[in-house]
Every structure is written in C-alpha cells, then in structure tokens.
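Note sheet for the following structure.
The values are calculated or read from the model by the stated rules, or taken from the named source; none is laboratory data. Not measured: the values here are computed from a predicted model. Note: ideal-geometry Cβ built from the backbone for every residue, glycine included; neighbour counts use all protein chains shown.
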Ligand SMILES: Cc1cc2nc3c(=O)[nH]c(=O)nc-3n(C[C@H](O)[C@H](O)[C@H](O)COP(=O)(O)O)c2cc1C
C-alpha cells in the first residue's frame, strides 16, 4: 500500500485537505477521560515540558503527555525529578510517560505519577536511542514481549489511573509483527486504555516513511479500543488524512508541531472548512516571550540553552527563517532572546 493512492502522504499534499472541505472531528476516550480534539501533542524528550504543554493546551490541545521519564529517576530526589514532575492546574489531562524495564520499579514510579496528580500513565516501549536500547529499555521491549506485559500488569495493579502504551511497529525492519500483536493484545487484556502506534521499526528510528497502513490494520484488529496513530503528521492536513485513512481514534503530532503550537487550532479550522489560523508576528512574539519566561521557572540559568532549540523551531514560521534561526542560535540570555524578538517580530 506504501505510496499508493489510498494513503495520502506528504508527497501528494495537493490531494490532502484544503479549506472548504469539512471533516467530522470526534472526541475520543482514554479510559474515563474524554478528549474533544482527536489530535494531540506527542511526547517529545527535551521539548514536552510543562511550559510547552501549557502552550499547546492554551492553543487548543486537549490532552498532553510528558516527555519520557526514567522510572528510577522518579524514585529519588534531585533537580531532574523535580522538573520532570512539574504540573499545574491547567496541565490536565496529562499522562506521565515512563521508561524502564523492571516491573516493580515501573509500578513504584507509576505511583509517583499518580501522587503528583497526572491523569494517566503512558509506558514507553518505543524509544530507539542507543542509551535506552543498551539498557534494555524503550523499544528494546519489543524483543521481550512477556516482560513488557509484566510491566503493564504491574502498573495496572499499582495505580487506579488509565494506563496507555506507546509501541513501535517492530524492532528490526526484517522482523515480523508478532511481538507487536502479542504486546498489544496482552495490553488490552490487562486493561490498557489505549495504544499509541508509532508505525516505524525501532531500527529505523525516525527515518523513512511511517507505515500508515500498519496503523490502519491495528485499528481494524481492535475496532472497539482507543488507538492513537503516530508518524509523519507534519501538517494539519496530514492529521486529518491520518484520521480518515487509518480510522484511528486520535493522532499524535510530534515533529510537525514543534515551533507551531497553533497546530491544534489549525486542525480544528481545517476540519471545519476554514482557512487555518496564521498568527501574526506580534502574536508569535508574545507567545515566545511567555515561553521563555515560563521556562525560566523550570530551568533557571540554563534557560537560554534550552530555549535555543525551541527558537530554531519557531523560526520556521518566520518569513525570513534562515536569519531568525541564526539569531536564535546565538542567544545566551533572556535579554538576548528578547532582543531577537524585538528585532524580528515587530509587524
Ligand atoms: C526529539 C524527539 C523526541 C522524542 N521523544 C519521545 C518521548 O519522550 N516519548 C515518546 O513516546 N516518543 C518520543 N518521540 C517520538 C514521537 O513522539 C513520535 O512518535 C515520532 O516522532 C513520530 O512522529 P513524527 O514522524 O510525526 O515526528 C520523540 C521524537 C523526537 C523527534
């Protein structure tokens, strides 16, 4: 099916959604949580912190997930733990995402997620980075389906929150789908509230096209369950195309939403047949100023370093992206951040 006409992909966006067509957006459920907009920010390590989640939510996102949190890290004190578990009354519903490989430690960490006030626990069986795989975490669990299921069961037994699972399609490109189906079926049997499918192999990391047809097959196999699709949702039109072509209940937006927290509002516009909202420069400036000052509360004197990577993404919306990108890369302080805004973001 890859590259076929049924699955509309980036290459033929001209056939994708355009203002004047409408698309019915349906709310979806994560256990008892009802989420109005079926397009949600995906967890992104290094980005999905409290500041970013609040921004997405203020601009229309109805459900967020934290970046992955190492189970052990939540069980000890320290600055990293303190930052990772920060939430806020406006930061709901949000799932806390855990990565680890010991059912008991994962269950204890899920208890912390509950105590802190997050609304669901998401389990990461998808991370492809070397550090995670070498420690048999994240995507490595696709090689150990029985251990993956033990983790799910242990977390389900330890907290009364909805539990969701993020899964890649397979470990290696040459593998069959068996481990995926074993974990997915076992997860739902154990009471998981949803599965998010990133339709690439662990080996592929983020390269190559995501296999939307595989996502569609997951929804066909579990028609009554909540399935969230992930992979190659780069524009609001892609989000609607994934909903329509795969039948999933919701779509998670990752790289396509970075630097554009208006994405969620734009999806709602497009679905209603309106031209997607485009913020002016002064509105972008206001948002970026808020983002920096909120991030200071999380990162203190490391804020400029953290915000540079957001600046690089924000620059993509500017009419002169190359220049603005270089200016953000050079930022070393809050004053310098504000002077980039002053210089480039005045109408
Ligand atoms: C920089 C980066 C960080 C990510 N961090 C996480 C993470 O912490 N947890 C997770 O489940 N997925 C993580 N992902 C995967 C995304 O959530 C998403 O599934 C993937 O990028 C596919 O979507 P895309 O092709 O639309 O970007 C990350 C992806 C990127 C690019």
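General remarks:
- Verdict on residue 138 being assigned by TED's automatic domain parsing to the domain that holds residue 69, under 20 Å from residue 72 (Cα atoms), in contact with a helix residue (DSSP H, G or I) (Cβ under 9 Å, 6 or more places away or on another chain) and within 16 Å of the ligand (Cβ to nearest atom): yes
- Residue within the range 275-288 that is modelled with pLDDT of 95 or more, within 16 Å of the ligand (Cβ to nearest atom) and closer than 17 Å to residue 41 by Cβ present: no
- Residue identified as outside the structural domain of residue 299 (by TED's automatic domain parsing) and at pLDDT below 95 among 96, 117, 62, 77: 77
- Selected residue (criterion: surrounded by the most Cβ atoms within 10 Å (Cβ to Cβ)) from residues of the range 328-345 that are without any contact (Cβ under 8 Å) to a residue 24 or more places away in the chain and within 16 Å of residue 259 (Cα to Cα): 328
- The range 138-160: number of residues that are touching a strand residue (DSSP E or B) at 6+ places or on another chain (Cβ under 7 Å) and touching a residue at least 60 places away in the same chain (Cβ under 8 Å): 3
- Within the range 199-237, the set of residues being within 10 Å of the ligand (Cβ to nearest atom) and within 20 Å of residue 35 (Cα to Cα) comprises 228, 229, 230, 233.
- Residue satisfying condition, being away from the ligand (no atom under 13 Å from the Cβ) and surrounded by fewer than 24 Cβ atoms within 10 Å (Cβ to Cβ), within set 193, 254: 193
- Residue satisfying all of: in the range 25-47; surrounded by fewer than 20 Cβ atoms within 10 Å (Cβ to Cβ) and within 16 Å of the ligand (Cβ to nearest atom); nearest to residue 92 (Cα to Cα) among these: 44
- If you go through the range 241-251 and keep only what is within 14 Å of the ligand (Cβ to nearest atom) and touching a helix residue (DSSP H, G or I) at 6+ places or on another chain (Cβ under 6 Å), you end up with 246, 248, 251.
- One residue alone among 308, 316, 285 is in a helix (DSSP H, G or I), closer than 30 Å to residue 167 by Cβ and in contact with a helix residue (DSSP H, G or I) (Cβ under 9 Å, 6 or more places away or on another chain), and that residue is 316.
- Restricted to helices (runs of 4 or more DSSP H) entirely inside the range 48-142, those with at least 2 residues that are buried (at least 21 other Cβ atoms within 10 Å of the Cβ) are 50-58, 71-75, 103-116.
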